[in-house]
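What follows is calculated from the coordinates using simple rules that are stated; it is not laboratory data. Quantities reported herein were computed from a predicted structural model and do not represent experimental measurements. Please note: Cβ atoms are built from the backbone with ideal geometry, for glycine as well, and neighbour counts cover all protein chains shown.
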Amino acid sequence: MKLDVDVLRYLSKDDFRVLTAVEMGMRNHELVPSELVVRIASLKHGGTYKVLKNLLKYKLLHHDSSKYDGFRLTYLGYDFLAIKTLVNRGVFVAVGRQIGVGKESDIFEVAKEDGTILAMKLHRLGRTSFRAVKSKRDYLGHRNNYNWLYLSRLAALKEFAFMKALEEHGFPVPNAVDCNRHCVVMSLVQGYPLVQVKQLQNPDIVFETIIGLVVHLAEHGLIHCDFNEFNIMIDDDENVTMIDFPQMVSVSHRNAQMYFDRDVECIFKFFSKRFNLSFQEHTDEIDGSEVDTEEYDRPCFSSIAKCTGFLDKELSASGFTRKDQDEIEKFIEEGIEKDTGSDDEGTADEGRNSDEFDETNIKEFDSLQLLEQPERVNCDEKGKAEERQQFCE
Ligand code: ADP
Ligand code: MG
């Protein structure tokens, strides 16, 4: 998706105030009626309808009159609110090119004031599984605010919390910098997703490191659940970094064994196909007798000494609660159960990552300074009715 941050330059305080009002209204409205936006925004000099029109023009809002007349945020609108907040916090000053696109996320480079480049992941839960969102709405129906905004925010919060906790435990993950709404800012990993790597100096060492990570995670009570060549980054020195954590579950999950085995299987399959690592059983002669051996043993879930409680203790410290975990699991589970794992025919991440990304320069990096614009003069001379009429035209 195109993220034209230039628009940010032209947005006034009132624009952001009205955008935020729609966001607040969406906590309990699928579509926020304009009267409610007016009330929440309470612009000093009026003019909400004019602002709404402006926000529609920039596609930050969507107007829908199918069920009743109202507004909702678009992804872009939500992106802008998060970006604005993070810029105000001084996390970064500029947004650069897109470096990744997932089924349910977009990743951009962002720059700090000192020029350091970070990665910004915008979660888009529900982008491809919108039907799932709808079906889940039934049993999560008690929550009116159960929508993609909420889910994407939860996914970001979860990813941030896991990244931070994993980093503290010495796992090779990006440094979690900050998080707001559906947006996670992290250090930029040098290197490439493993799927793009055609050759390795030491495929066996890399393989053992990666399988070691799956086991080490389980020892800490966790399963990645999407551990494959798309979510493993590798640098020129063949160091490994794992990414993408919103779907992780605890080893006490009822399907833990299946998820663990699937993660392991993905890695075995990929290394066998791409780097010709041999996992075939073969017969060795040991002490004069023939013994069946395998070059690499598949780690056995049941024999791993697991330390549970990681989720509860450490993650809740980052504001991600067990309740949040349960709720997002309900949604994500459907997706991960459907995924068939890693092979050449198709994977969970298929299409996200290929060489084509190198050309994905949605926006060349520039030194765009996301500074606040002076407040715009309002059109309060116009009456509300007139504004509304204009807006509807
Ligand atoms: P999704 O959940 O949509 O799969 P990922 O977190 O896997 O999103 O990111 C998608 C792609 O974006 C990755 O495969 C990688 O190429 C790129 N990417 C993600 N995070 C980083 C990062 N911290 N540094 C560099 N590239 C990244
Ligand atoms: Mg991924």
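Numerical summary
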quantity: Modelled label reach - E168, point 7 Å along Cα→Cβ, segment 203-223 residues with backbone N closer than 20 Å; calculated: 216-223
quantity: Percentage relative contact order, segment 171-267, counting C-alpha pairs under 8 Å, at least six apart; calculated: 31
quantity: Contour minus Cα-Cα distance for D236 and H216 (0.36 nm per residue); calculated: 4.8 nm
quantity: Separation of the I304 and S289 label points, Cα + 7 Å toward Cβ, nm; calculated: 3.2
quantity: G96 long-range amide H proximity, modeled H, under 5 Å; calculated: E109, V110, A111
quantity: Across K67/K330; K67/K121; K269/K323; K13/K50; K121/K158, pairs whose alpha-carbon gap is larger than 24 Å; calculated: K67/K330; K67/K121; K269/K323
quantity: Chain lengthening between L200 and D64 when straightened (0.36 nm per residue, less Cα-Cα); calculated: 43.7 nm
quantity: Karplus-derived 3J(HN,Hα), 6.51/-1.76/1.60, for each residue of segment 30-46, Hz, glycine and proline x; calculated: 5, 10, 9, x, 4, 4, 5, 4, 4, 5, 5, 5, 6, 4, 3, 10, x
quantity: Distance from segment 161-206 to segment 42-107 (C-alpha centre basis), Å; calculated: 28
quantity: Added length on full extension, which subtracts the Cα-Cα distance from 0.36 nm per residue, D297 to R89; calculated: 70.0 nm
quantity: Relative packing of 61-67, 77-83, which averages over residues the other C-beta atoms within 10 Å, highest first; calculated: 77-83, 61-67
quantity: Using θ = phi - 60° and Karplus 6.51 cos²θ - 1.76 cosθ + 1.60, couplings along segment 183-188 (whole Hz; Gly, Pro as x); calculated: 10, 10, 9, 9, 5, 7
quantity: Virtual spin-label span in nm between K57 and T116, 7 Å along Cα→Cβ; calculated: 3.9
